[in-house]
1. Per-residue ellipticity at 222 nm for the chain, helices alone: DSSP H runs ≥ 4 residues times -39500 (n - 2.57), over residue total, nearest 500 deg cm²/dmol?
2. Calculate the FRET efficiency for A283 and L52 from the Cβ-Cβ distance with a Förster distance of 35 Å, rounded to the nearest 0.05.
3. Considering the zone a paramagnetic label at T96 would reach in this model (a point 7 Å from Cα along the Cα-to-Cβ line), which residues of the range 55-75 have amide N under 13 Å from it?
4. In terms of the ratio Rg/(2.2 N^0.38 Å) built on C-alpha atoms, what value belongs to the range 72-173?
5. What's the FRET efficiency of T4 with E171 using the Cβ-Cβ distance as r and R₀ = 35 Å, to the nearest 0.05?
6. Over all pairs of distinct alpha carbons, what does the Kirkwood formula give as the hydrodynamic radius of the chain, in Å?
7. Give me the extension gain from F15 to H38: residue separation times 0.36 nm, minus the current Cα-Cα distance, reported in nm with one decimal.
8. Distance between the C-alpha centers of the range 135-178 and the range 93-120? Whole Å please.
Amino acid sequence: MSLTALISHISRGSFHDGAGIRTVVYFMGCGLRCRWCHNPETFSQKPLIMHLPAKCMHCGSCVEVCPDRHVVEGDRLTLLREGCTLCGSCTEICPTGALTLCGEFMTVEQVLAMIRKDRHYYDESGGGVTLSGGECLLQDKFCAELLEQCKEEGIHTAIETALFVPPPSVESVLPFVDHVFADVKLPDGERHRQWTGQDNTLILSNLARVIASGVSVTVRIPLIPSVNDSLEDMDAFASLLSRVGASDVELLRYNYMAEGKYDAVGIPYVSFGKGTQSDRTMAALAQRLSEGAEGLTVHYR
Ligand code: SF4
Ligand code: SF4
């Protein structure tokens, strides 16, 4: 029987997750709860209903099909998630897309069929497929089979992972991966636990293992204002990255646009401000980081 995985969505034509033009497959489920995550709809390992009040035209159709879970007060519709069976009836009847079901079980063949649609673009641009999430490696068997099939068809493969998974899950995909984007959030274990829910011991040992395997690796560091974006933080990252043998790092500016997604999935949002790091700040942080670790190439965007 063909393996299935719970997929949040598949994005075609991406330029940000590896070389060339890429198809990015977003898996659901993650063992971390980074307070700044901009994909909170992928936290869950079950499908979930997304509710975007701004798209609601107050037609009342969802109330008619499921009166116990939808409450209208004035011109505001509230979705009561407790007791929702995820039957999807309200999302099917909603005419505006204000209610949608996030998460679909797909077979390897179904995902491959989507990937193959952009074969021409991969060939022209040097692109390929990137598995992301959520944490794609929580569904490691599916990932390994999908990546192996992509390799057999000559499609470049990458994964984006936070590496908070058992080591065998990482090892099972490495033979079929051309490039790994490994997220590193904070150098200090206790602060890592404070901001992500888990300490970073497993993540760092997996990172060292991946680098030692010889696969091409870019470490990605999302910079969160006043959490991990000081010059002193760069010194701590430099020391950590030297220890694990990293040679390529990408600093990512804070993404402050995720609030609407938190509303849509009913998870409280923590704001780290309405701005992001300036070009000048990014250049200074990149320089400090590269000065602190020999042989480290640092990019930022
Ligand atoms: S998914 Fe089904 S049970 Fe859940 S709110 Fe919609 S109609 Fe009701
Ligand atoms: S069906 Fe959609 S548009 Fe109509 S009231 Fe419900 S959420 Fe709003």
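1. Numbers: 11 runs with 101 residues, N = 301.
One gets -9500 deg cm²/dmol as the mean residue ellipticity at 222 nm.
2. Calculated value: 0.45.
3. Those under the cut-off are 55-62, 75.
4. Details: Rg = 18.5 Å, N = 102, 2.2 N^0.38 = 12.8 Å.
Dividing the Cα radius of gyration by 2.2 N^0.38 Å gives 1.45.
5. Details: r = 22 Å, r/R0 = 0.64.
About 0.95, to the nearest 0.05.
6. Value: 20.6 Å, from the Cα pair sum.
7. On the way: separation 23, 0.36 × 23 = 8.28 nm, distance 1.76 nm.
Answer, rounded to one decimal: 6.5 nm.
8. Here the answer is 20 Å between Cα centres.
Read-outs: derived from the displayed coordinates by stated rules, not from any lab. These numbers come from a predicted model, not from an experiment. Methodologically, a virtual Cβ is constructed for each residue, glycine included, from the backbone with ideal geometry; neighbour enumeration extends over all protein chains shown.
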